[in-house]
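Here is the structure we will look at, set down as structure tokens.
Every number here is computed from the coordinates shown, using simple stated rules; none is lab data. Every value quoted in this text rests on a predicted model; they were computed, and no experiment measured them. Every residue, glycine among them, receives a Cβ derived from its backbone with ideal geometry; neighbour counts consider all protein chains shown.
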Ligand SMILES: [Zn+2]
């Protein structure tokens, strides 16, 4: 059964997000504690790994927050939303208001690259995981990268 659309004082329905994709997109806009990141964190916890979430790092005079950080190994994990970070498989461009979305999403992608480069310059290893990657796969990737980091002098 469909619920009746809410009405404004003028009898017009409120603007609603256009379909499920838009709703997911809006939900995914939260900086931390998104579903995919939560699922990866609990998979890592399940492997007995200890890490810091939403870990602040000062880079080139600006603060960056790493989704999941292993500071002693200098390993930074980001869980990137397919829409906000323009995943090649699911990174759609909204049809409405392209003059807003195009530069905004391009800025996101450019910022991701900048942050990755700056972290690498500071000696960090950066792993970016798309939100569409199953959490177990992402956790295994993190585990393998940690093992690799551990073997370095
Ligand atoms: Zn994707």
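Once you keep just the Cα pairs under 8 angstrom separated by 6 or more residues, what percentage relative contact order results for the stretch 70-153? List each step's numbers first, then the result.
Working: 67 pairs, mean separation 36.0, N = 84.
Relative contact order of the stretch 70-153: 43 percent.
Among 133-140, 100-107, 63-70, what's the highest-first ranking by average C-beta atoms within 10 angstrom per residue? Show your work: numbers first, answer last.
Numbers: 133-140: 16.8, 100-107: 12.4, 63-70: 19.4.
In decreasing order of mean packing, 133-140, 100-107, 63-70 become 63-70, 133-140, 100-107.
Take the Cα atoms of the stretch 28-90, find their three principal axes, and give me the spread along each one in whole Å, biggest first.
So the extents along the principal axes, rounded to whole Å, are 35, 34, 19.
What is the mean projected area of the alpha carbon convex hull for the stretch 84-124, to one decimal in square nanometres?
Numbers: hull surface 12.6 nm².
Mean projected area for the stretch 84-124: 3.2 nm², to one decimal.
How large, in Å, is the stretch 31-153 by the Kirkwood hydrodynamic radius built from its alpha-carbon pairs?
Values: mean 1/r = 0.0654 Å⁻¹.
Averaging 1/r across every pair of different Cα atoms and inverting gives 15.3 Å.
Between the stretch 106-130 and the stretch 45-62, what is the C-alpha centre distance in whole Å?
When both Cα centres are located, 14 Å separates them.
Ranking request for peptides 41-49, 71-79: highest mean number of other beta-carbon atoms within 10 Å first, then the rest in descending order. Each step should come with its number before you reach the end.
Numbers: 41-49: 14.2, 71-79: 19.3.
Packing order, densest peptide first, comes out as 71-79, 41-49.
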